[in-house]
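Below you'll find the structure, written out as structure tokens, and then a few comments.
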């Protein structure tokens, strides 16, 4: 049984949220919900999440899962907000614990941050199977972009996070703390091993000069044939060399520190301090 997939584009971050629902039922999952964030004003809003919630209510759907493909570095998660209004369980790959430990050290967080994944309702293991109503789903561990990337295969669809982009934009970077270009190559081979007709849904779509409108769906066959960074003929060493050299030229995402600190907490703000406000930490480099 194949799901019905409804995409929502978040223009400020060029990112996608999906409602994945039974073709003939009322059960659904929300994949990668976005919390709007004005970095300069340090202010959040729920416009994007409210659009998703309105759609789910309009179609009388019931949320069973809120699925995160990874701890995003360029968008904030609205998972707790969606759960508050619609219910459901927040799930992510079990290796989020590795991301939490890495960033706990980098940000010098205190004992109040346990780095044990307990902020999430469920930590998926590689190969684990679960259901969304009558839909069967399974989890593939696809690290490389981060240590915790997971792909959700639901019927003929796969929600692949940042592992790949549209074929004219290429593949994910692998230079974040815990990233690994060689692991990313092998994860992409895992995706390439899915049936050729499998529909791949992306976490981002960045426009190109020759493609001014967004796309968010591709296929295994299209990626294997046309991806400009990695295709069926690309060797592991070729990809690692290319990825390593290219990543050195890329700028740090503007929302990196805000995003990771919130997303590794399942979308929740850091605990309020004595004045009732939450604060984000930004390490200062002096080299």
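Here is a yes/no grid of residues against (1) over 18 Å from the mean Cα position of the chain (by Cα); (2) touching a residue at least 40 places away in the same chain (Cβ under 8 Å); (3) more than 14 Å from residue 82 (Cα to Cα):
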{"position": "2", "(1), (2), (3)": "yes, yes, yes"}
{"position": "5", "(1), (2), (3)": "no, yes, yes"}
{"position": "13", "(1), (2), (3)": "no, yes, yes"}
{"position": "20", "(1), (2), (3)": "no, yes, yes"}
{"position": "27", "(1), (2), (3)": "yes, yes, yes"}
{"position": "31", "(1), (2), (3)": "no, yes, no"}
{"position": "35", "(1), (2), (3)": "no, yes, no"}
{"position": "45", "(1), (2), (3)": "yes, no, no"}
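Return the residues of the range 216-252 that are within 29 Å of residue 194 (Cα to Cα) and in a loop (DSSP other than H, G, I, E, B); say none if nothing qualifies. Give the derivation first.
At the first step, the residues of the range 216-252 found to be within 29 Å of residue 194 (Cα to Cα) are 216-247.
Answer for the range 216-252, where residues must be within 29 Å of residue 194 (Cα to Cα) and in a loop (DSSP other than H, G, I, E, B): 216, 227, 228, 229, 230, 231, 232, 233, 234, 235.
Would you tally the residues in the range 260-287 being without any contact (Cβ under 8 Å) to a residue 12 or more places away in the chain and under 14 Å from residue 177 (Cβ atoms)?
1
Answer with yes or no whether residue 13 is buried (at least 18 other Cβ atoms within 10 Å of the Cβ), at negative phi, in contact with a strand residue (DSSP E or B) (Cβ under 9 Å, 6 or more places away or on another chain) and modelled with pLDDT under 95. Reasoning before the result, please.
Numbers: buried (at least 18 other Cβ atoms within 10 Å of the Cβ): yes; at negative phi: yes; in contact with a strand residue (DSSP E or B) (Cβ under 9 Å, 6 or more places away or on another chain): yes; modelled with pLDDT under 95: yes.
So residue 13 passes the test.
Count, please, the residues in the range 148-167 that happen to be assigned to a loop (DSSP other than H, G, I, E, B) and either farther than 20 Å from residue 233 by Cα or at pLDDT below 95 (or both).
So the answer is 7.
Across the range 175-190, what is the total count of residues that are assigned to a loop (DSSP other than H, G, I, E, B) and either more than 15 Å from the chain's Cα centre (by Cα) or crowded, with 24+ Cβ neighbours inside 10 Å (or both)? Lay out the reasoning, then the answer.
As a first pass, look at the range 175-190 and keep what is assigned to a loop (DSSP other than H, G, I, E, B): 175-180.
Retained after the next criterion (residues that are either more than 15 Å from the chain's Cα centre (by Cα) or crowded, with 24+ Cβ neighbours inside 10 Å (or both)): 175, 177-178, 180.
Matching residues across the range 175-190 total 4.
Taking the criterion of being more than 22 Å from the chain's Cα centre (by Cα) and either more than 18 Å from residue 144 (Cβ to Cβ) or in a loop (DSSP other than H, G, I, E, B) (or both), would at least one residue in the range 253-271 satisfy it?
Yes, some residue in the range 253-271 is more than 22 Å from the chain's Cα centre (by Cα) and either more than 18 Å from residue 144 (Cβ to Cβ) or in a loop (DSSP other than H, G, I, E, B) (or both).
Can you name the residue in the range 57-83 that is more than 20 Å from the chain's Cα centre (by Cα) and part of a helix (DSSP H, G or I) and, of all such residues, is nearest to residue 123 (Cα to Cα)?
For the range 57-83, the residue satisfying everything is 57.
Every residue in the range 117-135 that is over 14 Å from residue 65 (Cβ atoms) and either in contact with a helix residue (DSSP H, G or I) (Cβ under 6 Å, 6 or more places away or on another chain) or surrounded by 14 or more Cβ atoms within 10 Å (Cβ to Cβ) (or both), please.
Scanning the range 117-135 gives 117, 119, 126.
Is it true that some residue in the range 65-75 is farther than 15 Å from residue 263 by Cβ and free of Cβ contacts under 8 Å to residues at least 60 places away in the same chain?
Among the residues of the range 65-75, not one is farther than 15 Å from residue 263 by Cβ and free of Cβ contacts under 8 Å to residues at least 60 places away in the same chain, which makes the answer no.
How many residues does the range 4-45 hold that are assigned to a loop (DSSP other than H, G, I, E, B), within 17 Å of residue 68 (Cβ to Cβ) and in contact with a helix residue (DSSP H, G or I) (Cβ under 7 Å, 6 or more places away or on another chain)?
Number of matching residues: 1.
I want to confirm something. Restricting to the range 93-122 and keeping residues that are assigned to a loop (DSSP other than H, G, I, E, B) and closer than 19 Å to residue 175 by Cα, which single residue is modelled with the lowest pLDDT?
Among residues in the range 93-122 that are assigned to a loop (DSSP other than H, G, I, E, B) and closer than 19 Å to residue 175 by Cα, the one modelled with the lowest pLDDT is 107.
The values are calculated or read from the model by the stated rules, or taken from the named source; none is laboratory data. Worth saying up front: this structure is predicted, and the values here are computed from it rather than measured. Cβ atoms come from the backbone with ideal geometry, glycine included; neighbour counts cover every protein chain shown.
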